[in-house]
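Colleague: Let me begin by handing over the structure; questions about it come next.
The values are calculated or read from the model by the stated rules, or taken from the named source; none is laboratory data. Please read these numbers as outputs of a predicted model, since none were measured by experiment. Glycine gets a Cβ as well: all are built from the backbone with ideal geometry, and neighbour counts include every protein chain shown.
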Amino acid sequence: MARRIAIIEQDKCHPDKCGNLLCARLCPVNRKGEDCISKNTLTKKAMIDEKQCSGCGICPKRCPFEAIHIINLPEKLEGEPIHRFGRNSFELFNLPTIKPGSVVGLIGRNGIGKSTAFEVLAGNITPNNGNYDTELTEENIKLLKESILQKYSNSQIGEYFTKVFDKKITISYKPQRIELLPKLFSGKVIDLLEKVDEKGKVNEMMDLLELTQVKDNNISDLSGGELQKVAIIATALKKADVYYFDEPSSFLDITSRVKMAKLIQSLKEDNSAVMVIEHDIATLDYISDEIQIVYGERACYGVTSISKGVRKGINDYLEGYLPEDNVRFRDYQIKFSRSIAELKEDAQTLVSYKNLKKSFENFKMNAEGGEIKRGEVLAIMGSNGLGKSTFVKMITNQLKADEGEIEREAEMKISYKPQYPEPEDIVVEDYLKHHAGKEMQSGWYEQNILEKLNIKSILKSNLRNLSGGELQKVFVAGCLSGDSDLIVLDEPSAFIDIEDRINIAEVIKEFTRKKEIACVVVDHDVQFIEYLGDKMLVFEGIPGKEGSVYGPCPKEEGMNRVLKMLEITYRKDKDTNRARINKPNSQLDKEQRSTGNYYYI
């Protein structure tokens, strides 16, 4: 018989705002005089006795904050999980498989247990076999470890944990939260990297990821992309048996993503095992030798599939179906299609510019001329340090050009999401009301913003308590709210999983067309830009010294120019339409280079 679990997302449970446990008052078991749902004396929030729960489904349907989930687990998930965080909390049922001499890529939704699996494998979390109420004394931790070794004896994961517990395996781990690095280390970049360098390759790796120019800068002064590079290099410089990289492409431009992938691939050469969590599927495809799918239900439970070939693994994930296990974990297929511009011939010009020039002490940029039209999504790509932010600030009147002309529609209203937005101390609902006003109460807003971006369940949460992906969606929603004529979004795909990247792209396209506004999107995910953009601006030049703008041009021309700059070629997967990077010097790579067609054939 399938086991039933009850999950309560603690940050969404607000008894003081639902009349003091609405769920308990509605529960049929409680109304019979038994205690199925009660108040936790410590947290003052709801808790559910899973043995008493009848699975009626009333509490998850009636909870105004969508905090409760009653899950009938698949029958194949027999027994207890390898780890559970607490009562009515997330369950992790198994772990990814380590493969020496191979790079294993993990793909799955946010909140499904990928980072938790990394923490367990890295030895940062002692798995409890579902015994969440065990006090973590030294003696109990010893007993938990013994139970794990007994449960997984005569298996690869059992051998792995034996080495981890006996400290006979060396692990190097790059966590997801690289913004915490300045809080853990103060000083110069070079001092940190030389301190952890066990291979004598600090200069080689800094050159590869183009970090040499900031080696004498303080960690606290680095951008998000520079912090990511420092974290990747620091992880790679250690001599380790196993390397873990959690979302290494976040904040990196497209050039750095390719170089990062090459660096991580090189780590397997000493028969080390490498495991990577990544949402950019083109990068994941390029970096991985095998794929393992993590599925389940967000915030409830997670399961890892067997290893698959890269193409099959990613395609199975997009299909939402695991044929080997006969498991459908998503009720729809993700299939990519190119955005086809539907611009009217007489589309109104919102912004036009000509011969723009801007110089700083060590950097200069120029843009010959172009137009931004209503109903158009203009995608911007190019390496960091070429002036993308400078250009955006000039056309949105935040920065004055040294030379050139900019004409804007009279009384043009602009909404702007920066690359690194700072969360305010405010509840999501109040933040969106500030931007949307009365429109937020409409059914149209609920359907097209709150539901499509999966924001309804976090309306009562404080911005400062949100995950990176949740925060990103709220800021995008804020930009789309109101009556702006021009929306500028800087890296809206950061921290977002594949499903939500598609949702965000569709919402942006729909808003741009139907409201006849203009949208400028700066991003480094090739698949995201291809799916979203109508036309492109390509930034070229020498990072940190000079930049020039090519375009606006047709998307195919722009993509071809970007990929030629990177010296890589892309093809299209025949089943899913997704972009795949060709292996260097493969027959297809040579054919496309010879014809100058770097972007598909």
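Colleague: Does residue 376 qualify as being charged (D, E, K, R) and surrounded by fewer than 18 Cβ atoms within 10 Å (Cβ to Cβ)?
Modeller: No: the conditions fail for residue 376.
Colleague: Related question: Against the condition surrounded by fewer than 22 Cβ atoms within 10 Å (Cβ to Cβ) and in contact with a Pro (Cβ under 7 Å, 6 or more places away or on another chain), how does residue 232 come out, does it pass?
Modeller: Considered against the rule, which asks whether it is surrounded by fewer than 22 Cβ atoms within 10 Å (Cβ to Cβ) and in contact with a Pro (Cβ under 7 Å, 6 or more places away or on another chain), residue 232 comes out as no.
Colleague: Determine which member of the set 420, 353 is in a loop (DSSP other than H, G, I, E, B), farther than 30 Å from residue 573 by Cβ and of a type in the set (Phe, Trp, Tyr).
Modeller: On inspection, the qualifying residue turns out to be 420.
Colleague: Let me ask something additional. Does residue 501 satisfy being within 26 Å of residue 286 (Cβ to Cβ) and among the basic types (Lys, Arg)?
Modeller: yes
Colleague: While we're looking at this one, here's another question. Taking residue 169 as the residue in question, decide whether it is farther than 23 Å from residue 383 by Cα, of a type in the set (A, V, I, L, M, F, W, C), in contact with an Asp or Glu (Cβ under 6 Å, 6 or more places away or on another chain) and surrounded by 13 or more Cβ atoms within 10 Å (Cβ to Cβ).
Modeller: Yes: the conditions hold for residue 169.
Colleague: Take region 123-139 and flag every residue that is small (Gly, Ala, Ser) and either over 14 Å from residue 161 (Cβ atoms) or modelled with pLDDT of 90 or more (or both).
Modeller: Listed by number, the list holds a single entry, 130.
Colleague: I'd like to verify a number: residues in region 497-525 that are among the polar types (S, T, N, Q) and under 20 Å from the mean Cα position of the chain (by Cα), how many?
Modeller: 1
Colleague: With the requirement that a residue be touching a strand residue (DSSP E or B) at 6+ places or on another chain (Cβ under 6 Å) and of a type in the set (Lys, Arg), what does region 92-151 give you?
Modeller: 99, 114
Colleague: State whether one or more residues within region 505-517 are of a type outside the set (Gly, Ala, Ser), farther than 20 Å from residue 423 by Cα and without any contact (Cβ under 8 Å) to a residue 12 or more places away in the chain.
Modeller: yes
Colleague: Something else: Tell me which residues, restricted to region 404-446, are polar (S, T, N, Q) and modelled with pLDDT under 90.
Modeller: Listed by number, the residues that qualify are 419, 441, 442.
Colleague: While we're on this one: Yes or no: region 544-555 includes at least one residue that is free of Cβ contacts under 8 Å to residues at least 24 places away in the same chain and in contact with a Pro (Cβ under 9 Å, 6 or more places away or on another chain).
Modeller: There is no residue in region 544-555 that is free of Cβ contacts under 8 Å to residues at least 24 places away in the same chain and in contact with a Pro (Cβ under 9 Å, 6 or more places away or on another chain).
Colleague: Also, quick follow-up: If residue 164 satisfies all but one of (1) buried (at least 17 other Cβ atoms within 10 Å of the Cβ); (2) touching an Asp or Glu at 6+ places or on another chain (Cβ under 8 Å), what's the number of the condition it fails?
Modeller: (2)
Colleague: Would a scan of region 579-596 turn up a residue that is buried (at least 23 other Cβ atoms within 10 Å of the Cβ) and either assigned to a loop (DSSP other than H, G, I, E, B) or in contact (Cβ under 8 Å) with a residue 40 or more places away in the chain (or both)?
Modeller: Yes - at least one qualifying residue is present in region 579-596.
Colleague: Something else about it: Do the conditions hold for residue 147, that is, is it farther than 15 Å from residue 242 by Cβ and part of a loop (DSSP other than H, G, I, E, B)?
Modeller: Taking the combined requirement at face value, the residue does not satisfy it.
Listed here are the residues, each with its yes/no results for (1) in contact (Cβ under 8 Å) with a residue 40 or more places away in the chain; (2) farther than 22 Å from residue 243 by Cα; (3) not polar (S, T, N, Q).
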position	(1), (2), (3)
120	no, no, yes
158	no, no, yes
172	yes, no, no
179	yes, no, yes
190	no, no, yes
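Colleague: Among the residues of region 372-417, write down those that are within 25 Å of the chain's Cα centre (by Cα), in a helix (DSSP H, G or I) and not β-branched (Val, Ile, Thr).
Modeller: Correct list: 388, 389.
Colleague: I'd like the full set of residues that are among the small types (Gly, Ala, Ser) and within 14 Å of residue 67 (Cα to Cα), limited to region 1-32.
Modeller: Of everything in region 1-32, those that are among the small types (Gly, Ala, Ser) and within 14 Å of residue 67 (Cα to Cα) turn out to be 6, 24.
Colleague: Can you tell which of 60, 64 is surrounded by fewer than 19 Cβ atoms within 10 Å (Cβ to Cβ) and modelled with pLDDT of 95 or more?
Modeller: 60
Colleague: Would you point out which residue out of 247, 269, 210 is among the acidic types (Asp, Glu), surrounded by fewer than 22 Cβ atoms within 10 Å (Cβ to Cβ) and over 18 Å from residue 544 (Cβ atoms)?
Modeller: Just a single option satisfies the conditions, and that option is 269.
Colleague: Among (1) touching a residue at least 24 places away in the same chain (Cβ under 8 Å); (2) touching a Leu at 6+ places or on another chain (Cβ under 9 Å); (3) part of a strand (DSSP E or B), there is one condition residue 369 misses while meeting the rest; what is its number?
Modeller: Failed condition: (1).
Colleague: Would you call residue 154 free of Cβ contacts under 8 Å to residues at least 24 places away in the same chain and either closer than 22 Å to residue 93 by Cβ or in the same structural domain as residue 419 (by TED's automatic domain parsing) (or both)?
Modeller: The answer is yes for residue 154.
Colleague: Mind listing whichever residues of region 469-485 are over 25 Å from residue 16 (Cα atoms) and either without any contact (Cβ under 8 Å) to a residue 40 or more places away in the chain or β-branched (Val, Ile, Thr) (or both)?
Modeller: 472, 473, 476
Colleague: Got at least one residue in region 524-544 being surrounded by fewer than 22 Cβ atoms within 10 Å (Cβ to Cβ), farther than 23 Å from residue 370 by Cα and at pLDDT below 90?
Modeller: Checking region 524-544: at least one residue is surrounded by fewer than 22 Cβ atoms within 10 Å (Cβ to Cβ), farther than 23 Å from residue 370 by Cα and at pLDDT below 90.
Colleague: Let me ask you something else. Identify all residues within region 282-297 that are crowded, with 20+ Cβ neighbours inside 10 Å and within 14 Å of residue 110 (Cα to Cα); write none if there are none.
Modeller: Passing the criteria: 293, 294, 295, 296.
Colleague: Please find, among 89, 115, the residue that is surrounded by fewer than 20 Cβ atoms within 10 Å (Cβ to Cβ), under 24 Å from residue 8 (Cβ atoms) and within 22 Å of the chain's Cα centre (by Cα).
Modeller: The conditions single out 115.
For every residue, the table says whether it meets (1) in a loop (DSSP other than H, G, I, E, B); (2) more than 25 Å from residue 41 (Cα to Cα).
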residue: 86; (1), (2): yes, no
residue: 96; (1), (2): yes, yes
residue: 106; (1), (2): no, yes
residue: 110; (1), (2): yes, yes
residue: 116; (1), (2): no, yes
residue: 125; (1), (2): yes, yes
residue: 130; (1), (2): yes, no
residue: 133; (1), (2): yes, no
